[in-house]
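Quick notes on the structure that follows.
The values are calculated or read from the model by the stated rules, or taken from the named source; none is laboratory data. Predicted model only: the values in this text are computed from it and were never measured. Every residue, glycine among them, receives a Cβ derived from its backbone with ideal geometry; neighbour counts consider all protein chains shown.
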């Protein structure tokens, strides 16, 4: 089950049923079934608080994920800063909606076992995001 919630910000306009189908397909592509995935949209103040509290990082980020899954089930909480997504979109030559979908997919891909620490992992993640975004248009 995939849920979308907002804390301190307005819930972004996402076609919920289509997005759930899309994310389920993406998880399947990476060998996972969907367990409980909670997307929580927040502002920069909250993402910074979470980053400091749980990761010991003192900077803003577009998302933070907490993975509760297994080798076969994608489950977790994914916090997304709408402020950072809005700031990053023009930097990446994208619209807010496109960048939001990329970050939504990115969070799920982490729950599916992909990392982005090394340049090679970053390239693989970017390719996986691109594939996921193309698949969104076919759902």
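Can you pull out the residues in the stretch 70-82 that are farther than 13 Å from residue 40 by Cα, surrounded by fewer than 21 Cβ atoms within 10 Å (Cβ to Cβ) and at pLDDT 95 or above? Correct list: 72, 73, 75. Of all residues in the stretch 100-119, those being in contact with a helix residue (DSSP H, G or I) (Cβ under 8 Å, 6 or more places away or on another chain) and free of Cβ contacts under 8 Å to residues at least 24 places away in the same chain number 2. So residue 60 passes all but one of these: (1) assigned to a loop (DSSP other than H, G, I, E, B); (2) surrounded by 12 or more Cβ atoms within 10 Å (Cβ to Cβ); (3) modelled with pLDDT of 95 or more. Which condition number does it fail? With respect to (1) assigned to a loop (DSSP other than H, G, I, E, B); (2) surrounded by 12 or more Cβ atoms within 10 Å (Cβ to Cβ); (3) modelled with pLDDT of 95 or more, residue 60 is out only on (3). For residue 41, the stated conditions hold: it is without any contact (Cβ under 8 Å) to a residue 60 or more places away in the chain and crowded, with 17+ Cβ neighbours inside 10 Å.
Scanning the stretch 120-130 turns up no residue that is in a loop (DSSP other than H, G, I, E, B), surrounded by 13 or more Cβ atoms within 10 Å (Cβ to Cβ), in contact with a helix residue (DSSP H, G or I) (Cβ under 6 Å, 6 or more places away or on another chain) and at negative phi. Screening residue 26 on (1) in contact with a helix residue (DSSP H, G or I) (Cβ under 8 Å, 6 or more places away or on another chain); (2) surrounded by fewer than 19 Cβ atoms within 10 Å (Cβ to Cβ); (3) closer than 22 Å to residue 137 by Cβ; (4) in contact (Cβ under 8 Å) with a residue 40 or more places away in the chain shows it passes everything except condition (2).
Candidates in the stretch 1-14 are the residues that are touching a helix residue (DSSP H, G or I) at 6+ places or on another chain (Cβ under 9 Å) and over 14 Å from residue 108 (Cβ atoms); of these, the one that is surrounded by the most Cβ atoms within 10 Å (Cβ to Cβ) is 12. Specify which of the listed residues (69, 8, 35) is on the phi > 0 side of the Ramachandran plot and either part of a loop (DSSP other than H, G, I, E, B) or over 12 Å from the mean Cα position of the chain (by Cα) (or both). One residue alone meets the criteria, 8. Filtered by the rule that a residue be farther than 14 Å from residue 11 by Cα and within 14 Å of the chain's Cα centre (by Cα), the stretch 89-109 gives 98, 99, 102, 103, 105, 106, 107, 108, 109.
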